[in-house]
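Below is one structure, written out as structure tokens, with a few remarks after it.
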């Protein structure tokens, strides 16, 4: 990987960590007033063509049929089921708890990859790093962990279980079934296809009859359209194209920290030594996964030689 591409890939990962840490709050605000499937799908339905037209104007190569097929699979898994069920779940569970449950994504991704690809990224450093990240997140939300088993949250927990499973499979499929077009063009296709399907399904089931925008839900929708979809998802697709998925998946550990920080900054929530300790543990986990992934790549390159 050339230095410029590597730098862009890590910047894309950093954008995911920052931006997607804020989207749980925006989703929670929006879903209070807007039907979930239409709320989730319509922003992708708009974001996809916007990004596509921008890339065409910049003379990016147009997709071939094979690119469209792979992008359809990835878009449906990541956005249709992955993001769609997160929005669905936040009808019943708080955004903080949703962020906690999403931290299981790295386990699903690394586990899926270990079965999908012979000799995939699994070593002691990665395992310890993943466990460290989970331990740090559980320390942050320790007092709320029992809520996962509360019957009031059952639908939300079930929805998030589907979300993380589909997101993990979609990530691995995307990693090992790359398209010939630029990652951003692939992201535009995925947004357009998934957004179209989700919006059509929401109309078929009659969600549009309950559409009622408020000032708060409108702002949440615009924020998710620009930052969550165009910038955030584009960054995710670019990152997994150029970095090990085990490292990229550690964004799920950073997101809850962002959510807690926003709570302290905006809602005057606690910011104490327990939080600082949790952040240190999580970032240590990120470091270990990064080092472990580098070791795996080096080992695989030696084997190929």
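The values are calculated or read from the model by the stated rules, or taken from the named source; none is laboratory data. Keep in mind it's a predicted model, so treat the numbers as computed, not measured. Methodologically, a virtual Cβ is constructed for each residue, glycine included, from the backbone with ideal geometry; neighbour enumeration extends over all protein chains shown.
Looking at (1) within 30 Å of residue 294 (Cα to Cα); (2) modelled with pLDDT of 90 or more; (3) surrounded by fewer than 21 Cβ atoms within 10 Å (Cβ to Cβ), which one does residue 19 not meet, given that it meets all the others?
All conditions are met except number (3).
Of the residues that make up segment 169-177, is at least one part of a loop (DSSP other than H, G, I, E, B) and either out of contact with any strand residue (DSSP E or B) (no Cβ under 7 Å at 6 or more places or on another chain) or in contact (Cβ under 8 Å) with a residue 12 or more places away in the chain (or both)?
yes
Yes or no: residue 67 over 21 Å from the mean Cα position of the chain (by Cα), in a helix (DSSP H, G or I) and either surrounded by fewer than 19 Cβ atoms within 10 Å (Cβ to Cβ) or at pLDDT below 90 (or both)?
When the stated conditions are applied, residue 67 passes them.
Among the residues of segment 54-64, write down those that are loosely packed, with under 11 Cβ neighbours inside 10 Å and outside any loop (DSSP other than H, G, I, E, B).
57
Yes or no: residue 93 crowded, with 22+ Cβ neighbours inside 10 Å, more than 23 Å from residue 174 (Cα to Cα), in contact with a helix residue (DSSP H, G or I) (Cβ under 8 Å, 6 or more places away or on another chain) and modelled with pLDDT under 90?
The answer is yes for residue 93.
Among the residues of segment 206-218, what is the count of those that are assigned to a helix (DSSP H, G or I) and touching a residue at least 40 places away in the same chain (Cβ under 8 Å)?
Looking only at that region, the number is 5.
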